[in-house]
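Working notes, structure below.
Here, each number is a calculation from the coordinates, and none is a lab measurement. Nothing here was measured: the structure is a model prediction, and the numbers come from that model. Note that each Cβ is placed from the backbone with ideal geometry, even for glycine, and that neighbours are counted across all protein chains shown.
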Amino acid sequence: MTHHPAIGIHDLSLATTEFVLPHATLAAHNGTEVGKYHIGIGQRSMSVPAADEDIVTLAAAAAAPLIATHGSDGIRTVVLATESAIDQAKSAGVYVHSLLGLPSATRVVELKQACYAATAGLQFAIGLVRRDPTHKVLVIASDISRYDLDSPGEATQGAAAVALLVTADPALVRIEDPSGVFTADVMDFWRPNYRDTALVDGQESITAYLQAVEGCWKDYTEQGGRALQDFAAFCYHQPFTKMAYKAHRHLLNYTGHATDEDAARRTLARTTAYNTVIGNSYTASVYLALASLLDSADGEDLSGKAVAFLSYGSGSVAEFFAGTLTPGYRTVLRTAAHTRAVQRRREIDYATYRQLHQRRLPADGGEHLLPEQSTGPFRLAALAGHKRIYTAR
């Protein structure tokens, strides 16, 4: 039997936007009872990008601290997962590679499958590291979630990036075999090329997600996975945080376990803190759930404990897999930096949010300087000749 080294997430860093819109402000504008947001969907505020922010600036901001700590030696692959692509041909990851000053001897690719693609990136990365354990892979999930103004999906919007450094002998999370996978062709959420906001069938999306929970769990158990009671915590994809609770209740029902609300709250509360105040970050969402669990202030050391991941992407693809938290993981967390990233956001009023939401980049190929609204390490400075021009501060 071949002995494989443990492979998984060695370091994790998140970034979010310059601005934040509280759900109380949205509720005041549209006359909704704020409890519908705070309790009904479990959201309190949403990250809103500045005019000079996009998935590239977010991705680079998330990944820069990893490069600052570990250097770029051994990073021979960068995988950028997004469903907010800025170009039909060129990977957003190539711009990020340039902004981070990574070596030219690197492969870079962009992956797409709604909110699921970062998990594909993580699994591809594990395969590459298994092939050569000296190899490190930078996997970045970066998305900006946009729905039409005054549509039902509007309250779930958000934006963030999470960067994962995948290596052998990881300091944070050892990803285990097997994985349970599931695909079904459903139209629950999609965004045709001619639209810059997504289309969603809300009820169908919940149904499709729950069907995928069953499908990937069934496959996971058939592949010889762990028993449900082995897991100390569950990281679900969170289009809104209440969906994690729906999914967990569904999984408990499906597996014949009692649905104890208090137990579910204890299991999931630590994984929802960032998503509650950032909103839906699509590919980054399930890894924000992990970041939230790792950074959780409840003091419990989960060293050696198993954590479940359920990654879902509409359309639909899902994967269920397990990770074990590496003993001593708490010494390498970036909790203070993550807290700063969330707290540094500047609150905007409804009119400013609406203006930012309706803003579109010019498509005429002319030269356009973008207003300097953001204060992060990277910005989209200009457009010229149909090219995006980024600068580092």
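Rank G315, G127, G279 by mean-square fluctuation in a GNM of the chain with C-alpha springs under 10 angstrom and give only the top-ranked residue.
Maximum among the listed residues: G127.
Can you tell which of R131, R270, R345 shows the greatest fluctuation in a Gaussian network model of the chain with Cα springs below 10 Å?
Among R131, R270, R345, the largest GNM mean-square fluctuation belongs to R131.
Give the separation of the Cα centroids, the stretch 1-70 to the stretch 150-168, in Å.
5 Å
Return the distance in nm (one decimal) between the two label points of a simple spin-label model at R340 and I39, each offset 7 Å from Cα along Cα→Cβ.
Spacing of the two 7 Å Cα→Cβ label points: 3.8 nm.
Just need the relative contact order of the chain here, percent rounded to a whole number, with Cα pairs under 8 Å and 6+ apart.
Relative contact order comes out at 25 percent.
Using θ = phi - 60° and the Karplus curve 6.51 cos²θ - 1.76 cosθ + 1.60, what whole-Hz ³J(HN,Hα) does each residue of the stretch 242-258 get, with Gly and Pro shown as x?
Values per residue, Gly and Pro as x: 5, 5, 4, 5, 4, 5, 5, 4, 5, 5, 4, 4, 4, 9, x, 9, 5 Hz.
In terms of modelled amide H atoms, which long-range or inter-chain residues lie less than 5 Å from the amide H of I86?
Residues meeting the criterion, in which the H sits 1.01 Å from N, are A92.
Once phi is turned into ³J(HN,Hα) by the Karplus curve 6.51 cos²θ - 1.76 cosθ + 1.60 with θ = phi - 60°, what whole-Hz value does each residue of the stretch 183-194 show in order, with x for glycine and proline?
Coupling constants for the stretch 183-194: 9, 9, 7, 10, 10, 9, 6, 6, 9, x, 4, 8 Hz.
Give me, ordered by chain and number, the residues 5 or more places off L370 or on other chains with an amide H under 5 Å from its own placed amide H.
HN-HN under 5 Å from L370: A382, L383.
Relative contact order for the stretch 295-361: what is it in percent, counting Cα pairs under 8 Å that are at least 6 residues apart?
Relative contact order here is 26 percent.
For the stretch 180-200 and the stretch 263-325, what is the separation of their Cα centres, given in Å?
If you average the Cα positions of each part, the centres end up 22 Å apart.
For the stretch 378-383, in order, what is each residue's ³J(HN,Hα) by Karplus, 6.51 cos²θ - 1.76 cosθ + 1.60 with θ = phi - 60°, in whole Hz (x at glycine and Pro)?
Each residue of the stretch 378-383 in turn: 9, 9, 7, 8, 6, 10 Hz.
Checking the table K246/K305; K36/K387; K136/K242; K36/K305; K36/K218; K112/K246 against a 31 Å threshold on Cα-Cα, which pairs fail?
K36/K387; K136/K242; K36/K305; K36/K218, as the Cα separations exceed 31 Å there.
Cα-based Rg (one decimal) and Dmax (whole number) for the chain, in Å?
Both quantities, over Cα of the chain: 19.9, 63 Å.
Of A291, A168, A81, which is the most mobile in a GNM of the chain whose springs link Cα atoms less than 10 angstrom apart?
Top of the fluctuation ranking is A168.
Starting from 0.36 nm per residue, how many nanometres of slack lie between Q373 and R249 once their C-alpha separation is accounted for? Could the numbers behind the result be given before it?
On the way: separation 124, 0.36 × 124 = 44.64 nm, distance 4.21 nm.
That pair, Q373 and R249, stretches by 40.4 nm at full extension.
Quick one: which residues, 5+ away or cross-chain, put their amide H under 5 Å from the amide H of E176? H built at 1.01 Å from N.
Correct list: A322, G323, T324.
For C115, C235, C216, what's the fewest-to-most ordering of other Cβ within 10 Å of each Cβ?
Lowest count first: C216, C235, C115.
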